[in-house]
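Engineer: Quick one: the structure is below, questions incoming.
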Amino acid sequence: MNVLVLEEDVMLGQVLCDMLRLHRVGSLQLATSEVDACQMMQAQSFDICILAAHMRGLPSAEAVAMANAQRLPVLLLTNGIEDTSGAVQPDHGIAVQKPAHEEDIRRALAELMQDA
């Protein structure tokens, strides 16, 4: 399984990827900007996306829209109530509030993969 992870904090993104590698989730690609994530989705195919709902204070609307266009399941990492304003919602996705426990992320991914 090919997984795209979009997280602006490089350290947090790397920790997330390392945690998922330990659970043999698949091949993980980390993008630290929405532009990079969109370019990666255009250049290669992904099975699932883990996207930060906001990047640098703005909704990750383009990345979510591109995932929707490609009919990709999305695990949306939110910061809470403020993420609902202006955020584009994934057509097929689950939101998990940060900071998320490892088990919450794994459970959401398992549910998304099962539905795919």
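Engineer: So which residues in the range 99-114 are of a type in the set (G, A, S) and either out of contact with any strand residue (DSSP E or B) (no Cβ under 8 Å at 6 or more places or on another chain) or assigned to a helix (DSSP H, G or I) (or both), if there are any at all?
Structural biologist: Let us first name the residues in the range 99-114 that are of a type in the set (G, A, S), namely 100, 108, 110.
Of everything in the range 99-114, those that are of a type in the set (G, A, S) and either out of contact with any strand residue (DSSP E or B) (no Cβ under 8 Å at 6 or more places or on another chain) or assigned to a helix (DSSP H, G or I) (or both) turn out to be A108, A110.
Engineer: List the strands (runs of 3 or more DSSP E) inside the range 8-89, counting only whole elements, that have at least 2 residues being within 17 Å of H101 (Cα to Cα) and either touching a Gly at 6+ places or on another chain (Cβ under 8 Å) or of a type in the set (G, A, S) (or both).
Structural biologist: 74-78
Engineer: Sticking with this structure for a sec: Looking at S60, S27, S45 in this structure, which one is buried (at least 19 other Cβ atoms within 10 Å of the Cβ) and hydroxyl-bearing (S, T, Y)? Even if it seems obvious, please write down each step before you answer.
Structural biologist: Details: S27 fails: buried (at least 19 other Cβ atoms within 10 Å of the Cβ); S45 fails: buried (at least 19 other Cβ atoms within 10 Å of the Cβ).
After applying the criteria, what remains is S60.
None of the figures in this text is laboratory data; all of them are computed from the coordinates on show. These figures come from a predicted structure and were not determined experimentally. Positions of Cβ are generated from backbone atoms using ideal geometry, with glycine treated the same way; all protein chains shown enter the neighbour counts.
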